Structures are given as structure tokens and as C-alpha cells.
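A short worksheet on the structure shown next.
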Amino acid sequence: MPSRRVTRRVLLAGLLFGSFAGCSGGAPRADSPRSPEPSAPRPPAPGPSDPGQRPDAATPSDPAPEPQGGAAELVTLHMSGGYAGLDDEIVVRTDGSYTTSGRRGPGRPGSFDGAEVARLRRLLDEAALTRLPARSVDPNLRDNVLYRVTYRDHVVVTDLSEPVPALSDAITLLRTALTEALRR
């Protein structure tokens, strides 16, 4: 029978090792700033889930309802990462209607009024996503939130460490609506 002192040391070492292993986060996720940049940006998948979603994340059994009228997609914002392990998305259509989804499933649908849609378009046009790098992420930051913005078939991933004022304002507008829609 091992002595109590040895048993305590083994348990303590196991607890400490487990604590550090839990902080490291294991292997980098596909959307982690430490992962290699993909060769081409991938468009968002239709519906509320993301194709890069972790297999252990909950997938809603009923997708968010599609808005009436069949308006085309205007912009998509997908937020991932951070301490909370975000995996949230808002898809805004040209008529201002939007659908949202998060790790816990679909959020409430909503809509921006005409002035908000016009402001969103103006901000995204001013941001000139086609001139921005496809990925602008500070590799030295840990547990940062990544924002993947898709507008006019152009995808930009940023952690806002290199702010583009118009893009930052557009993300804030979208993030506010998304957070409110996912609140239950």
C-alpha cells in the first residue's frame, strides 16, 4: 500500500496537470488564430449551423424559420471563440429581415428598419472588404473573439485588433441585434 504522502503528491500532480491541460484548449480549432489560413475563404452554410462547427456542439433539430418574401442575403456575421466559446451567427437579408443562431439553437427572428439597413450597407461599403486582407487576426492574443463577415461574396475574418472603423461599426450593429435575439 503506497504511503499517503506519495498518494497526495500523485493526486496533486494530476490535478495541476489537468488544470494546465484544460487551459491550453488542446488542439487548435479551425477558427483559432493559431490554425493555418485556409487556401480560399469558405462561404457560410445555409441554415443556422456552421460547417466548421465542432462535432460536440449542439445542433438544433429545427432550423430557424426562413423569412417570407425570399429576399437575398445581404450580410452574414459569424462570431466564434472567446472565453465563452461563442458560435453565434446572424444572417441579414436585403429586406432587413434576419435570422440568428447560437450554440443553444435558433434565436428570435427580427428585422432592421430601412434606415438601419441603409446604414449597414453604407458601413460595409465604406469598409471596402475587397481591399482588406481575408484574415486579420493577432496571433499573440488568446481566447479572442473572431468575427467572420460575408458581404457581396467576400469573406473577411478579424478579431478587430487592427480596427477598420466602418467595419467595426457594422460588426457592433450586427452583434447588438444578434445578442438581443439570442437572449432567452
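The values are calculated or read from the model by the stated rules, or taken from the named source; none is laboratory data. Please read all numbers here as calculations on a predicted model, not as lab measurements. What goes into the accessible areas is simple: the full protein's heavy atoms, side chains included, and nothing from ligands, DNA or RNA. Shrake-Rupley method; radii C 1.70, N 1.55, O 1.52, S 1.80 Å.
Overview of results
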quantity	calculated
Qualifying residues in segment 97-121 (those that are part of a loop (DSSP other than H, G, I, E, B) and closer than 15 Å to Thr176 by Cα) - the one most open to solvent (accessible area, probe 1.4 Å)	Arg108
Subset of segment 139-184 that is small (Gly, Ala, Ser) and open to solvent by 20 Å² or more (accessible area, probe 1.4 Å) - its residue that is nearest to Ser101 (Cα to Cα)	Ser168
